[in-house]
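This report concerns only the one structure given below.
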Amino acid sequence: MGEPIRHRDIKLEWPADTRAAWQSLKPEFSAACNGLSLGMPYGEPYVMAAVRGALGEIDDPHLVAEVHAYLEQEREHSRQHRRFNDIITAQHPALKRVEKWLARSYRFLQRRAGKRFAVAYAAGFEATAFAAARWMDNRRHELFRGADPEPATLFLWHLAEEVEHKTVAHDVWASVDGSRFRYVVAMAVCFTMLVWFIFLSTVVQLTAWRRVLNPVAWFRLWKWGLAFAFEVMPTMAITALRDHHPSQQADPSWMPMWLASYDPIANTIPNWDAPIDEYLPAHWSTARAG
Ligand SMILES: [Fe+2]
Ligand SMILES: [Fe+2]
């Protein structure tokens with residue numbers, strides 16, 4: 001069993017001059033991440049409702065406790081992304097149209113796709129988030145070097161918690177449904193929506209930044225997109241195999257360690273690029289020295 005799933009009411013200050021292009025060395029990376037962020041207050045409540053709705057069918061008290069902890073984490077993610085999204089949509093009002101489309105899409109799923117599909121979608125959503133976390137963990141230096149600290153913390157903290165709760169939605173789906181076919185379809189829908197809405201939001205922002213015809217921007221987006229697909233799609237495919245359990249997938253190495261340095265009193269976490277000895281928890285340093 002991994003680390004317990006904890007609620008971290010992280011304190012993120014958003015200065016008045018927060019920029020949508022918060023990664024000035026690679027603005028298109030910020031555009032893609034902002035697109036991801038835009039979908040969170042729509043996608044996460046949908047999966048939360050699915051998992052919460054399945055609670056009545058779960059007998060295992062350990063899983064019930066994990067579900068409650070999972071719901072608290074996801075609620076916090078949505079809340080934090082909504083605050084950030086208000087800032088970026090104020091700067092780019094055209095993104096509000098993407099938000100409306102997101103809202104319509106998830107409303108459609110909520111009304112039409114049914115409860116079983118929603119639980120399978122939740123499991124697929126979480127498998128995708130975990131695969132994305134592994135991808136991002138490996139590339140954090142390339143992607144986040146030079147980025148403004150608050151948005152970098154928002155995305156990395158969120159993904160690190162996705163690693164922490166990677167098994168919960170899967171266990172719920174396995175308890176109440178377990179149809180591999182439904183899981184694969186739901187995960188494909190989830191992945192397609194993710195790519196489509198990130199693409200739309202990126203085009204909106206790059207147009208505003210006069211980079212939409214810039215070949216370097218598209219070269220980078222293709223490079224990341226392909227690298228992402230090559231890592232994430234096999235990782236996702238593995239999750240569809242019979243008898244697969246997310247606990248069999250190795251966690252990324254850095255994120256759990258960084259998350260362990262969260263200060264629950266101040267509700268802060270060191271910057272992702274702080275020297276490791278500055279934030280390594282005391283007992284880990286001691287263990288290493290010993
Ligand atoms: Fe989340
Ligand atoms: Fe999640």
In debye, nearest 20, what is the charge dipole magnitude of segment 27-259 about its Cα centre with +1 on Lys and Arg Cβ and -1 on Asp and Glu Cβ, if you could check? 1220 debye
Select from ALA227, PRO275, VAL163 the residue farthest towards the positive end of the dipole of the chain; place +1 on Cβ of Lys and Arg, -1 on Cβ of Asp and Glu, and compute about the Cα centre. ALA227
Considering only PRO149, PRO215, PRO93, give the residue with the highest GNM mean-square fluctuation for the chain, with springs between Cα atoms whenever their separation is below 10 Å. PRO215
Length gained, LYS115-ASN214, 0.36 nm per residue minus C-alpha separation, equals 31.3 nm
For segment 131-290, with only Lys/Arg (+1) and Asp/Glu (-1) charged at the beta-carbon, what is the dipole magnitude about the Cα centre, in debye rounded to 20? 740 debye
Stretch gain in nm, segment VAL184-ALA229, where the contour uses 0.36 nm per residue and the Cα spacing is subtracted: 14.6 nm
Kirkwood-type radius of segment 1-55, with distances r between different C-alpha atoms, in Å: 14.4 Å
Once you keep just the Cα pairs under 8 angstrom separated by 6 or more residues, what percentage relative contact order results for segment 65-223? 36 percent
So for segment 1-68, taking the charge dipole from beta-carbon charges (+1 Lys/Arg, -1 Asp/Glu), which of ALA16, GLY56, GLY39 sits furthest toward the positive end? ALA16
In a Gaussian network model of the chain with springs linking alpha carbons closer than 10 Å, the residue among PHE199, PHE125, PHE144 that fluctuates most is PHE199
With +1 at each Lys and Arg Cβ and -1 at each Asp and Glu Cβ, the charge dipole magnitude of segment 1-69 around its Cα centre, to the nearest 20 debye, comes out at 340 debye
Normalised by the residues of segment 1-115, what does the relative contact order come to in percent, with Cα pairs under 8 Å and at least six apart? 36 percent
If the viscosity is 0.692 mPa s and the temperature 37 °C, what Stokes-Einstein diffusion coefficient in µm²/s follows for the chain when Rh is the Kirkwood radius over Cα pairs? 167 µm²/s
Value of relative contact order over the chain, rounded to a whole percent, pairs C-alpha under 8 Å and six or more apart: 29 percent
At 7 Å along Cα-to-Cβ for each site, give me the label-to-label distance between ARG242 and GLU150 in nm. 5.2 nm
Tell me the mean residue ellipticity at 222 nm calculated for the chain from its helices only (DSSP H runs of n ≥ 4, each -39500 (n - 2.57), averaged over every residue, nearest 500). -23000 deg cm²/dmol
Taking 0.36 nm per residue of separation between PHE199 and ARG83 and subtracting their Cα-Cα distance, the length gained on full extension comes to 39.6 nm
Proximal lysines relative to LYS166, as straight alpha-carbon distance under 26 Å, when same-chain residues fewer than 8 apart are discounted: LYS11, LYS115
Rank PHE197, PHE219, PHE29 by mean-square fluctuation in a GNM of the chain with C-alpha springs under 10 angstrom and give only the top-ranked residue. PHE219
Cut-off 17 Å (backbone N to label point 7 Å along Cα→Cβ of LYS11), residues of segment 242-281: 261-271
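None of the figures in this text is laboratory data; all of them are computed from the coordinates on show. The structure displayed is predicted, hence computed values, not measured ones. Note: ideal-geometry Cβ built from the backbone for every residue, glycine included; neighbour counts use all protein chains shown.
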